[in-house]
Structure formats: C-alpha cells, structure tokens
Amino acid sequence: MDANVADKLKEIKTFIFDVDGVLTSGNVLVTEEGAMLRTVNIKDGYALQHAVKQGYNIAIISGGNSKGIYHRFAGLGIREIYLGQKNKVEAFHKVISDFGVQPQHVAYIGDDMPDYPVLKLAGMACCPADAAQDIKEICTYVSPIPGGLGVARELLENTMKLQETWWNEETHNW
C-alpha cells in the first residue's frame, strides 16, 4: 500500500459498501423456484462487526433487495442498510447526513457502473481487484482481493491497523 493511500486511510471513519461484487462475488445461484442465492465471506463479516464495535460508521448501499442480505448485515450490527437503491447518490447523502460526516472522511467500496457516481463523491474511492475497468480507473485504492473473497476484511483491517484500533485487549479478550 503506497503512502498516499495509507495517509487517506488514516482519516477514514465511515465505510460504505456495495453488496454484489464487493461483499459477494457477484455470482448468483438461481433456484428452480426463482430464488437468487449469494454467498458472503465470513472474514468480511468478522471485520465488519469488529469495526462497528470499535466505533466506525458502516453502511450498505445496494441495488439488490434481498431479505437474506439485510439479515446478514443487520446481524453484524450494521444499522444503515439501504437495499433496492436505484439512485445510490441519494442513499449516500442520507448516510453521511445520518452519521454527521463529510464526504472526505468516507470510503466507498464499489465494483461496477452503478457505483461510479458515488465513488466520485466519496473522499476515498475503493474497489476490489475484479471491478470493472472504468471503476478501477477512478479509484484511489484497488484492493488486490476480488469481490466476495475478503475485500472488506482487507480494507478494514489495514485501516484499523493504521489507526491502531484493530487489536486491543478489551476487544479481543479470549
């Protein structure tokens, strides 16, 4: 990670994640009944809940609208979950208003064209390794990890280590 990215991460306290292609691989298993099933990464889940417990603002903005996705992330302590968003910019503005933060202190992690306008607004635009090329070109940070395989964990862990909030005896007392 270069020094410019590390310096920006030191200022981030709010993370907003897209779901499909970021917190999932972007693959969908469609059952005979028409249900669309996704998988999520357990290590991403650990980092997300840990970040919430450490006082970071975490939000989800997705064009998809899955009850399972909602329950998964609500179960990790994430309270700002916006599903079925056709206009992610409106949801972005609501999130930063609700958290009382400025866009320059927000990292947005997206992977495809519906994320483009929000990535342009965020203080730090991030994407997984397998994001669309147009997205990679506007991102401050391109993770070496593909979507759904731990990209959230990698970004949160690196940020929290830089800010010295990843490890302490109170939060890891096993």
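For the chain, the dipole from Cβ point charges (+1 on Lys and Arg, -1 on Asp and Glu) about the Cα centre works out to 340 debye, to the nearest 20.
For segment 3-162, the tally of Lys pairs with Cα-Cα distances below 19 Å comes to 20, considering only residues 8 or more apart or on different chains.
Which residue, VAL101, PRO128, GLY150, has the largest displacement toward the positive end of the dipole of the chain when charges sit on each Cβ (Lys, Arg +1; Asp, Glu -1)? So the residue we want is VAL101.
How far is it, in nm, from the label point at ASN4 to the one at GLU33 when both lie 7 Å from their Cα along the line to the Cβ? It is 5.0 nm.
The charge dipole of segment 1-44, taken about its Cα centre with unit charges on the Cβ atoms of Lys, Arg (+1), Asp and Glu (-1) only, comes to about 240 debye. With a ≥ b ≥ c taken as the square roots of the eigenvalues of the C-alpha gyration tensor of segment 79-174, please select rounded if a/c is under 1.5 and otherwise prolate if a/b is larger than b/c or oblate if it is not? Here segment 79-174 falls in the oblate category.
Could you work out the equivalent-ellipsoid semi-axes for segment 1-70, taking the square root of 5 times each eigenvalue of the Cα gyration tensor, largest first, in whole Å?
Working: eigenvalues 166, 36, 22 Å².
Ellipsoid semi-axes (Å, largest first): 29, 13, 11.
Shape analysis of segment 3-162 places it in the rounded category; the axes a ≥ b ≥ c from the Cα gyration tensor give an a/c below 1.5.
Our coupling estimate for segment 65-76, obtained by passing each phi through the Karplus curve with A = 6.51, B = -1.76, C = 1.60 and θ = phi - 60°, is 9, 10, 4, x, 4, 4, 5, 4, 7, 5, x, 8 Hz, Gly and Pro reported as x. Remark: the LYS161-ILE42 segment gains 40.9 nm on full extension, using 0.36 nm per residue and subtracting the alpha carbon distance.
If you take all other residues with their beta carbon under 13 Å from the beta carbon of ALA122, and give Lys and Arg +1 and Asp and Glu -1, the sum is +1.
Think of the chain as a dipole: +1 on every Lys or Arg Cβ, -1 on every Asp or Glu Cβ, centred on the Cα centre; then among THR39, VAL89, SER25, VAL89 lies furthest on the positive end.
The numbers here are math on the coordinates, done by the rules we state, and not lab data. Only a predicted model underlies this, so the values are computations on that prediction, with no experimental measurement involved. Note that each Cβ is placed from the backbone with ideal geometry, even for glycine, and that neighbours are counted across all protein chains shown.
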